[in-house]
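*Asks:* Could you have a look at this structure, given as structure tokens, before my questions?
The values are calculated or read from the model by the stated rules, or taken from the named source; none is laboratory data. Quick caveat: nothing in here was measured; it's all calculated off a predicted structure. All Cβ positions, even for glycine, are placed from backbone atoms using ideal geometry, and neighbour counts span all protein chains on display. Surface accessibility is based on the protein's heavy atoms, side chains included, excluding ligands, DNA and RNA. Shrake-Rupley method; radii C 1.70, N 1.55, O 1.52, S 1.80 Å.
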Amino acid sequence: MIDEAAPVLRQDPVMAELVDRHDPYVEPDWSEYERLCISIINQQVSTASAAAIRERVFDVLDGEVTPESVLAADEAALRDAGLSPSKVEYVRNAARAFQENDYTRAGFADQTNAEVVDALTEIRGIGEWTARMYLLFVLERPDILPLGDLAVRRGIENLYADGDELTRAEMREIAADWRPYRSVATRYIWAEYESE
């Protein structure tokens, strides 16, 4: 997808510079459930805090982040690792949902982005932002623009408005040139944001 996206993204001069300057942001090959847990951990905390909490939670789970290991884990240990009581509930809600339904790449293969978001947001603790992260990172849908993500918004503002605030409508207008590869553009924006 990245190779196909480059010619489209290069039509935007700002994005062309990012393509030349960075490799797009990529993640390790986490399982579907593992990545959903990471999104839950990342909710409403700084990137640094989220990384530290994730590492401690994964240590509690001995690196085996599965629905079964999360449901079997000691709640106090998960909280000591940095999860709030509500986030413990959310990762466990997601664990039960994964045991009851097929939320894998194959299970969602024939569903639209909206259908995936609807299915995921039925799980208590999974909101629009988390569902969009799932579309982008797990299902690798090519045209996701997660404007609910603070780093994406700040990145666009820094790149296209010298740090001045933009409305989401203005950001969508800027991103229209990146279609149908807004997911790839988002990965370049993250790469730039994290390099600052």
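*Asks:* Quick one: net charge around F108, please, counting Lys, Arg +1 and Asp, Glu -1 for every other residue with C-beta under 14 Å from its C-beta.
*Replies:* -3
*Asks:* Averaged per residue, what accessible area in Å² does the chain show with a 1.4 Å probe, protein chains only?
*Replies:* It amounts to 50 Å² per residue over the chain.
*Asks:* Where nothing but the Cβ of Lys and Arg (+1) and of Asp and Glu (-1) is charged, how large is the charge dipole of the chain around its Cα centre, in debye to the nearest 20?
*Replies:* Charge dipole, the chain, about its Cα centre: 340 debye, nearest 20.
*Asks:* Further question on the same structure: Please report the relative contact order for the chain, taking Cα pairs under 8 Å with a sequence separation of at least 6, and give it as a percent rounded to a whole number.
*Replies:* 29
*Asks:* Quick one: if the Förster radius is 41 Å, what FRET efficiency do A72 and E128 give, using the C-beta to C-beta distance and rounding to 0.05?
*Replies:* 0.85
*Asks:* At 1.4 Å probe size, with the rest of the protein present, what percent of the exposed accessible area of the range 1-131 is carbon and sulfur atoms?
*Replies:* Carbon and sulfur atoms account for 46 percent of the accessible area of the range 1-131.
*Asks:* Which FRET efficiency value, to the nearest 0.05, is calculated for D102 and A52 with the Förster distance at 25 angstrom and r the Cβ-Cβ distance?
*Replies:* 0.20
*Asks:* Here's another thing I want to ask about it. Could you tell me the convex hull volume per residue, in Å³, taken over the Cα atoms of the range 1-48?
*Replies:* Cα convex hull per residue, to the nearest whole number: 125 Å³.
*Asks:* Report the Cα-based extents of the chain along its three principal axes, largest first, to the nearest Å.
*Replies:* 51, 36, 28 Å, listed from the longest principal axis down.
*Asks:* Turning to a different aspect of this structure: Work out Dmax and Rg for the range 50-139 from the C-alpha atoms and quote the Rg first, both in angstrom.
*Replies:* In Å, with Rg to one decimal and Dmax whole: 13.5, 40.
*Asks:* In nm, to one decimal, how far is the modelled label at V14 from the one at D59, with both set 7 Å along Cα→Cβ?
*Replies:* My value for the distance between the label points is 4.0 nm.
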